[in-house]
Amino acid sequence: MTPVTNSIKSLFPIFSNHPALVYLDNAATSQKPKSVIQSVIDYYEKENANVHRGLYKLSSSATTRYEEVRNKVAKLIGASDPNSISFTKGTTESINVVAHGFLKKLLMAGDSVVISGMEHHANLIPWQQVCKEKKALLRIIPVDGDGNLDLSTLDSLLTTNTRLLAITHISNVLGTINPIEEIISCAHKKNIPVLIDAAQSAGHYPIDIKNLDADFLVFSAHKMFGPLGAGVLFSLEKYRNQIEPLNYGGGAIKNVEFDHTEFLEYPHNLEAGTPNISGVIGLGEAIDFIQSLDMKSSILYTNELMIYFKEKLNSLPFVKPFGNPVKSGSIVSFQVKNVHPHDVAGFLGNVNIAVRAGHHCAQPLLESLGVPSTVRVSFAIYNTKEDVDRTISALIDLKKFWS
Ligand SMILES: Cc1ncc(COP(=O)(O)O)c(C=O)c1O
């Protein structure tokens, strides 16, 4: 098992500050490389000014840096037009923009929105809320016992009254990689637009929006080595002038009078107020970092770690793993029999192993698995085989301690 680069860990300052740390909560947020942290510091120390407003050099260079990131994000996902990219606070906000700013006005009583049974609450509640308001139906693609979507139901769920399909690329609980190409093409045959929640895949898996043909794609910088509080909404051109902002205010207008405002066009109309400039600049740096790696090797490497971990985990008779998807990212959920997941996470935390326990913001999925919570381990490129060995041996210790 060859790491992506031998010195990858040394690029992440958190590990020199916490040499004993085994960080396995990457699905919640990734650690940040020095280059990303430094880009945020540099912005504040050397370049701090507001964007789009000042006529002085600092402001125009902040604007250039901010706008350049639109280009980088577009390139990362294979979009030809940087203006397809709107900056948001993150995946949650991007989905809310589409739900409230786009879908709500199209939805009529009796219409439907289709999601899957494995969605993060961020890709469930906004649709649930607009459906309630408009007396529309939220319909669910079921998940089978292995954690795969039951796509035999898709054709009948997508009807002439379906206004949108919103689906996660990768499950943040079971790691399932959904066949989104197939799902999108099925929806498009019925002229139904599709939103892809790429929170767990962007920056880690190749996304080519042209091949994928998704109508909307959303993700967060912080899960792909970037800063907190910055995210992306990609929209196909045909919808852009139909999306209304969640926020109104300065920076998003052409002309304002007391009885009327003329707005800028997408994406700028959605970015009212001072944006998270340093966060966006850090996102650009995170993309540079990702592009300095070989994505294929990174996927192979984290996949090998996941398989190695699963094999070891399956050899422990006191562990109950959840899900066995056909295609899986590097996220694994399990329980230790007779020990509450929070106690497992607390025990591991005491020996410097950071994992997540709970419902992972996917309560309906957990409900279908028949449990209120699991322990979740999620890998990134800086994890190692030793991290797995330490976790497995801590689980063995935990079992001895608990029985
Ligand atoms: C699949 C998925 N969707 C959406 C989100 C929400 O992301 P954020 O909290 O960055 O808005 C997450 C976060 O864990 C996620 O895993």
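A few points about this structure:
- Given R0 = 35 Å, the distance between the Cβ atoms of residue 350 and residue 34 translates into a calculated FRET efficiency of 0.80.
- Candidates 114, 98, 339: whichever shows maximal mean-square fluctuation once the chain is modelled as a Gaussian network with Cα springs under 10 Å: 339
- Taking the Cα atoms of region 246-400, the ratio Rg/Rh between the radius of gyration and the Kirkwood radius comes to 1.17.
- Whole-Hz couplings from phi, Karplus 6.51/-1.76/1.60, listed for region 267-273; x for Gly and Pro: x, 5, 5, 8, 10, 5, x
- Residues whose amide H lies under 5 Å from that of residue 79, counting only those 5 or more places away or on a different chain, are 209; hydrogens are built 1.01 Å from N in the peptide plane.
- Unsatisfied cross-links (Cα-Cα over 24 Å) in the set 210/254; 32/57; 190/210: 210/254; 32/57
- Evaluating 6.51 cos²θ - 1.76 cosθ + 1.60 at θ = phi - 60° for every residue in region 249-255, the Karplus couplings come out as x, x, x, 10, 10, 9, 7 Hz, glycine and proline recorded as x.
- Distance in nm between pseudo-label sites at residue 213 and residue 254 (7 Å out along the Cβ direction from Cα): 3.3 nm
- Sparse-neighbourhood loop sites, trypsin sites (Lys or Arg not before Pro) in region 314-386 - DSSP loop, at most 13 other Cβ within 10 angstrom: 327, 337
- Among 159, 176, 391: highest mean-square fluctuation, GNM of the chain, C-alpha pairs under 10 Å: 159
- 0 to 90° range, to nearest 10: angle between helix 180-189 axis and the chain longest Cα axis: 40 degrees
- For the pair residue 42 and residue 205, the difference between a 0.36 nm per residue extended length and the Cα-Cα distance amounts to 55.8 nm.
- Crossing angle, helix 385-402 versus the chain [Cα axis fit, 0-90 degrees, rounded to tens]: 60 degrees
- Here the label points at residue 21 and residue 342, each 7 Å from Cα along the C-beta direction, are separated by 2.4 nm in the simple model.
- Cα pair distances of the chain binned at 10 Å [whole percent]: 5, 22, 30, 25, 14, 4, 0, 0
- The chymotrypsin sites (Phe, Trp or Tyr not before Pro) found in region 246-308 that occupy coil by DSSP, while having at most 16 further C-beta atoms within 10 Å, are 248, 258.
- Annotation: amide H-H contacts under 5 Å for residue 176 (H modelled 1.01 Å from N, sequence separation of 5 or more, or interchain): 171, 329.
- Other-chain or far-sequence residues with amide H under 5 Å of residue 89's (modelled H): 94, 231
- Degrees separating the helix 125-134 axis from the principal Cα axis of the chain, which is the longest one: 50 degrees
- Ranked by how many other beta carbons lie within 10 Å on average, peptides 231-243, 17-29 from highest: 231-243, 17-29
- At an R0 of 25 angstrom, the distance between the Cβ atoms of residue 402 and residue 327 translates into a FRET efficiency of 0.15.
- Within region 323-343: backbone nitrogen closer than 15 Å to the residue 303 label point (7 Å, Cα to C-beta): 325-331
- Loop-located trypsin sites (Lys or Arg not before Pro) in region 118-159 (DSSP state other than H, G, I, E, B) with a sparse environment of at most 15 neighbouring Cβ atoms within 10 Å: 135.
- Bridge type composition, the chain - antiparallel percent by DSSP, nearest 5: 60 percent
- Karplus (6.51, -1.76, 1.60) ³J(HN,Hα), θ = phi - 60°, over region 300-308, in Hz, Gly and Pro reported as x: 4, 5, 5, 5, 4, 4, 4, 5, 4
Coordinate-derived values only; no laboratory data. For clarity, every value in this text was computed on a predicted model and none was experimentally measured. Please note: Cβ atoms are built from the backbone with ideal geometry, for glycine as well, and neighbour counts cover all protein chains shown.
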